[in-house]
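Below is one structure; the comments refer to it alone.
Nothing in this text is a laboratory measurement; each read-out follows from the coordinates by a stated rule. The shown structure was predicted, so the numbers you read here are calculated from the model rather than taken from an experiment. Heads up, the Cβs are rebuilt from the backbone with ideal geometry, glycines too, and the neighbour counts pull from every protein chain shown.
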Amino acid sequence: MTADAQKPVTVTALAKLKARGERIAVLTAYDAAFAEVLEKAGVEVILIGDSLGMAIQGRDSTLAVTLEQMAYHTACVARGCRRPLVVADMPFLSDSSTERTLLNAGRLMQAGARMVKLEGGARQLPGVAQLAAHGIPVCGHLGLLPQSVHRLGGYRVQGRAEREAHRLLEEAQALEEAGAQLLVLECVPAALAARVSAEREIPVIGIGAGGGCDGQVLVLYDLLGLTPRPPAFAKDFLARGGSIEGAVAAYVEAVKAGTFPSEAQTLA
Ligand code: KIV
């Protein structure tokens, strides 16, 4: 194992991976036990997603997840790993004003996060700038925004229309300029996601966004085949991995090799 493979992953390390063209493997986790498995498999970023509302609370959306629940699961994950960058989601309405964003992000950082993720583009810019000014690393999230599922009318691909695609390109640029150091693109056409990744300096992590991104993220329970109706872009790695450790290792290998997502998991 090289020295770099042991050092904690930082935003600088992620930027270097992008510059070298090495894909970044990201997974969600919600507890210490899985965080340890992910770290051993070489996952670079662990996201405590508010997807925990669906994955472990049995809800049909992320809206009911609270800041206290996010802080609790963030602390659990942070205790289970040392090397991966631990990123915590800001839950629904915890970012409804710049002041709330700063206070609530601070709570997640104190719980053990080393970066926070916020959903949305233009409306998040003052909050992103404020967090950056206070030294809090930020991950943006564009495309399908699960916290806006009712406004969007369902979990649907975003950015197919030219006007939407144009707005997404502009918002990605604005988030980077406001200080975001990582960006998640969820459920957008592969060509659009590849363009954002090529145009932006910060690493772009895709989920349902094709193979042209700088890295990939999946909800851990989708990868383990535990989701009753998994999204079309997900893949059950446990079916062939043989064990949880084997499944996570197979995912990391497939992301690094560029074989996940394949055509079968790519949305047009
Ligand atoms: O909450 C979550 O797990 C996420 C990923 C789907 C990116 O935001």
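The table for this structure:
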item: Output for the stretch 251-266, where each listed residue is surrounded by fewer than 21 Cβ atoms within 10 Å (Cβ to Cβ) and farther than 15 Å from residue 41 by Cα; result: 258, 259, 262, 263, 264, 265, 266
item: In the stretch 196-214, the residues that are part of a helix (DSSP H, G or I), more than 16 Å from the ligand (Cβ to nearest atom) and either within 16 Å of residue 140 (Cβ to Cβ) or among the β-branched types (Val, Ile, Thr) (or both); result: 199
item: Residue in the stretch 115-159 that is nearest to the chain's Cα centre (by Cα), counting only those that are more than 16 Å from residue 50 (Cβ to Cβ) and in contact (Cβ under 8 Å) with a residue 60 or more places away in the chain; result: 137
item: Which numbered condition residue 36 fails, given (1) farther than 30 Å from residue 153 by Cβ; (2) surrounded by fewer than 24 Cβ atoms within 10 Å (Cβ to Cβ); (3) touching a residue at least 60 places away in the same chain (Cβ under 8 Å); result: (3)
item: Residue that is outside any strand (DSSP E or B), over 18 Å from the mean Cα position of the chain (by Cα) and closer than 27 Å to residue 147 by Cβ, where the choices are 53, 58; result: 58
item: Test: residue in the stretch 69-85 that is without any contact (Cβ under 8 Å) to a residue 40 or more places away in the chain, within 25 Å of residue 154 (Cβ to Cβ), within 16 Å of the ligand (Cβ to nearest atom) and in a loop (DSSP other than H, G, I, E, B); result: no
item: Looking only at the stretch 61-73, and only at residues there that are over 15 Å from the mean Cα position of the chain (by Cα) and among the hydrophobic types (A, V, I, L, M, F, W, C), the one that is surrounded by the fewest Cβ atoms within 10 Å (Cβ to Cβ); result: 64
item: From the options 248, 217, residue that is within 15 Å of the chain's Cα centre (by Cα), outside any loop (DSSP other than H, G, I, E, B), surrounded by 24 or more Cβ atoms within 10 Å (Cβ to Cβ) and within 16 Å of the ligand (Cβ to nearest atom); result: 217
item: Qualifying positions in the stretch 34-59 - among the charged types (D, E, K, R) and within 14 Å of the ligand (Cβ to nearest atom); result: 50, 59
